[in-house]
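**Student:** Starting off with a structure, shown below.
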Amino acid sequence: MTVTARQMRTIALTLGLTMGSAPVLAADPLGLYVGASVGHAQVRNDLDFSNFGVPGFSGPYSVDGSDTGWKLVAGIRPLSVLGAEVAYIDFGSANGTAGLLTNPDAPSLSVTTTSHPKAGVLFAVGYLPIPLPYLDVFAKGGVSELRRNIRGTGQVTCGFILPPCTPLFVPPYSASGTSTHPAYGAGAQLKFTNLAVRIEYERISAGSGDVDLLSLGVTFGF
């Protein structure tokens, strides 16, 4: 899923303004807040057919899937244009299928992969200096610790071979691990005294497949 900067700037949630942000910043010069969000997660897994240990089947394949994801966040905003966030993101459990056919008359290998990535992320957040105290438009960039739990099952089916081939047993595949990757995102929020409603897009770029979350959430400032 790709969300352009123009689309993110045009998304607005209208709930009405009860108070500007200036009193909040005066009461809390550090701009501390916590929040939670839920939304649509997209999970990509870039693997290799050789993981299934079937002779003659190797090479890259990609499996995409989607699920409901969620996140918890805590942040600080000591300056009007600059802040920082730490987040825990659960991208949900996504399923996908892929297949490898060497030629029409040969056996083929089809696989189903399930992945449940989670991440801890540290963001630096930059806010546009727009003259609307109740609206923020922001971009973020940082680093993540992404943990993947991947499970796969495979099945070899026969082609149009004469005589018929013998289907092979394909052992299940599983792997897990944690790795560090860059993360980035953008969003907008409306502020109501201590409460803010935000919509944002976040993505983690990983060599084993990118993951992203488009979410709607709330934050509460102290």
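**Student:** Can you give me the long-range amide H partners of Phe192? Hydrogens built in the peptide plane at 1.01 Å from N, cutoff under 5 Å, separation of 5 or more residues or another chain.
**Tutor:** Val197
**Student:** How large is ³J(HN,Hα), in whole Hz, for each residue of segment 178-188 in order, when computed from phi with the Karplus curve 6.51 cos²θ - 1.76 cosθ + 1.60 and θ = phi - 60°, using x for Gly and Pro?
**Tutor:** Computed from phi, the couplings for segment 178-188 are 10, 9, 9, 8, x, 9, 7, x, 7, x, 8 Hz.
**Student:** What are the semi-axes of the equivalent ellipsoid for segment 107-207, taken as the square roots of 5 times the Cα gyration tensor eigenvalues, largest first, in whole Å? Could the numbers behind the result be given before it?
**Tutor:** Values: eigenvalues 460, 44, 25 Å².
In descending order, the three semi-axes are 48, 15, 11 Å.
**Student:** Subtract the Cα-Cα distance of Ala74 and Glu145 from 0.36 nm times their separation in residues, and report this length gain in nm to one decimal.
**Tutor:** My answer for the length gained is 23.9 nm.
**Student:** If you don't mind, another one. Per 5 Å bin, what percent of the C-alpha pairs of segment 57-150 does each bin hold, from zero upward?
**Tutor:** Using 5 Å bins, I get a P(r) of 3, 11, 15, 14, 12, 11, 9, 8, 6, 5, 3, 2, 1, 0 for segment 57-150.
**Student:** Still on this model: Work out how far the C-alpha atoms of segment 32-98 reach from end to end along every principal axis, then list the three figures in whole Å, largest first.
**Tutor:** So the extents along the principal axes, rounded to whole Å, are 58, 21, 16.
**Student:** What does the extension gain come out to for Val38 and Phe192, with contour length at 0.36 nm per residue minus their alpha carbon separation?
**Tutor:** 53.5 nm
**Student:** Evaluate the distance, in nm, between pseudo-label points positioned 7 Å from the Cα of Thr180 and of Thr112 along their respective Cα→Cβ axes.
**Tutor:** 3.8 nm
Each reported figure results from applying straightforward, stated rules to the coordinates on display, with no laboratory input. Since the structure is predicted, the reported quantities are computational estimates derived from the model, not experimental observations. Using ideal geometry, Cβ is built from the backbone for each residue, glycine included, and neighbour counts are taken over all protein chains shown.
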